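All remarks here apply to the structure that follows.
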Amino acid sequence: MKYKTTDEWRNFSFAEAYIGDIQATNGFFHMELDNVTILPENSCNRDIRKMRTNGLVLKLEDFAITSLIEEGYKVFDANGNPMKEVEDVVIAEKDYFSVIKELVEGVIYSLEKEENTYVFSIDAVNERTYTLEVKASHDIEEWERFLNLTAE
């Protein structure tokens, strides 16, 4: 990859990033992402303005998945009366990797970091939202090129 940053996850906006692939191998948790915004503060961003990229590989080094939750929801009728409520479902550790496969082709709603834990909120293609927590020692971002942002 042409560009590489380490521990600069805050210098990107992952909101609305499309997940092309997820892999967990060799001590790294990898996500291949499209539509990632590169913020002006990024050490590789020479234009000092918001840019974007496709094909960014986000690697979390020395990872451990600490939690995976399928978020609950409520259904209301046309008058706003509650019809159904589904509680959050905590995914069992043995099922982590099968559920993570369902997150491919989904969209990241948000990515936050609390100490050494990265907290992803992901809208999956099955129309459910998941919260994925991954503990890691470092984040590494690699990508090939900068793209202009389209006018909003």
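At-a-glance table
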read-out	value
Long-range neighbours under 6 Å by Cβ, at least six apart or interchain, first residue in contact (Cβ under 8 Å) with a residue 24 or more places away in the chain and under 24 Å from R49 (Cα atoms) within the stretch 27-39, second part of a strand (DSSP E or B) and charged (D, E, K, R)	E32/D21; T37/R52
Candidate set: the stretch 38-91, residues that are in contact with a Ser or Thr (Cβ under 7 Å, 6 or more places away or on another chain) and either surrounded by 18 or more Cβ atoms within 10 Å (Cβ to Cβ) or among the β-branched types (V, I, T) (or both); chosen: the one nearest to L103 (Cα to Cα)	I69
Test for I19: is it β-branched (V, I, T) and open to solvent by 50 Å² or more (accessible area, probe 1.4 Å)	no
Residues located in the stretch 103-128, provided they are open to solvent by 90 Å² or more (accessible area, probe 1.4 Å) and of a type in the set (F, W, Y)	Y109
Only listed residue being surrounded by 12 or more Cβ atoms within 10 Å (Cβ to Cβ) and at pLDDT below 95, chosen from F14, F28	F28
Segments classed as strands (runs of 3 or more DSSP E), wholly inside the stretch 49-152, with at least 3 members that are under 21 Å from T25 (Cα atoms)	56-61, 64-70, 117-123, 129-135, 138-143
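The values are calculated or read from the model by the stated rules, or taken from the named source; none is laboratory data. Given the structure is predicted, the values throughout are model-derived calculations rather than measurements. Neighbour counts run over all protein chains shown; Cβ positions are idealised from the backbone, glycine included. Note: areas computed on protein heavy atoms with side chains; ligands, DNA, RNA excluded. Shrake-Rupley method; radii C 1.70, N 1.55, O 1.52, S 1.80 Å.
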